[in-house]
Amino acid sequence: MKTLEFIVREISDNQSARHEVWVPPAEIDLELEEAQFVGEIHGHLQLSRRAEDVYVKGSFSTSVEVECRCCVESFTTSILGDIEVQFCPADATTPSAPWQADTGERYYLGDTIDLSEEVRQSLILEIPNWPLCSETCKGLCPQCGENLNVTDCGCQIAEEASSPFAALADLLDRSDRALES
Ligand SMILES: [Zn+2]
Ligand SMILES: [Zn+2]
């Protein structure tokens, strides 16, 4: 049984139960290329059941290692995800997939609810899509490729050379001069 699976009849009726969980990332299929999940996912869950419907609320925190878009160094950042789900038992009229992401309805088959996909989605949403190791990351030297956060390579880079407009201005300047002569 997975950490995020719960047996419905074991959830007390009309009473909310709190659970603290530690989930290995591999268990909920969080092995991604763009972000390495570091360590376990720590979560706090609140489960309550009314007859056969189960209501779940939870918050999860973990750390991911990502690559800075500016200096390409890897760094670790923490992310938080929240879930809030209402599960209903599947019956003959229920679509065959236990998952109806578009309608927001969740069904469980048999006697077990599985929060894995919910938690997985909530954490994937929180992975920064433009990670920066710091707001003041200096990036790489355009000339020698050194990480400017670590070393001052001393390359003399003309301020204008780094702007594409500067190159254009330079070109216009030259054609101006060619016209004059
Ligand atoms: Zn950086
Ligand atoms: Zn340099």
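The values are calculated or read from the model by the stated rules, or taken from the named source; none is laboratory data. The structure displayed is predicted, hence computed values, not measured ones. We place every Cβ from the backbone using ideal geometry, glycine too, and count neighbours over all the protein chains shown.
Of all residues in segment 127-148, which are within 13 Å of the chain's Cα centre (by Cα) and crowded, with 18+ Cβ neighbours inside 10 Å?
PRO131
Within segment 103-127, can you find the residues that are at pLDDT below 65 and farther than 30 Å from VAL38 by Cα? Give the derivation first.
Initial filter on segment 103-127 (at pLDDT below 65): 103-104.
If the condition is that a residue be at pLDDT below 65 and farther than 30 Å from VAL38 by Cα, then THR103 is the only one that fits.
Among (1) free of Cβ contacts under 8 Å to residues at least 40 places away in the same chain; (2) surrounded by 13 or more Cβ atoms within 10 Å (Cβ to Cβ); (3) of a type in the set (Ser, Thr, Tyr), where does SER12 come up short?
(2)
What pairs can you find where one residue is in segment 129-140 and modelled with pLDDT of 95 or more, the other is aromatic (Phe, Trp, Tyr) and surrounded by 15 or more Cβ atoms within 10 Å (Cβ to Cβ), and their Cβ atoms are less than 6 Å apart, with a gap of 6+ or different chains?
CYS133/PHE75
Restricting to segment 61-94, name every residue that is assigned to a strand (DSSP E or B) and hydrophobic (A, V, I, L, M, F, W, C). Working first, answer last.
Of all residues in segment 61-94, those assigned to a strand (DSSP E or B) come to 61-67, 74-89.
Within segment 61-94, VAL64, VAL66, PHE75, ILE79, LEU80, ILE83, VAL85, PHE87, CYS88 qualify.
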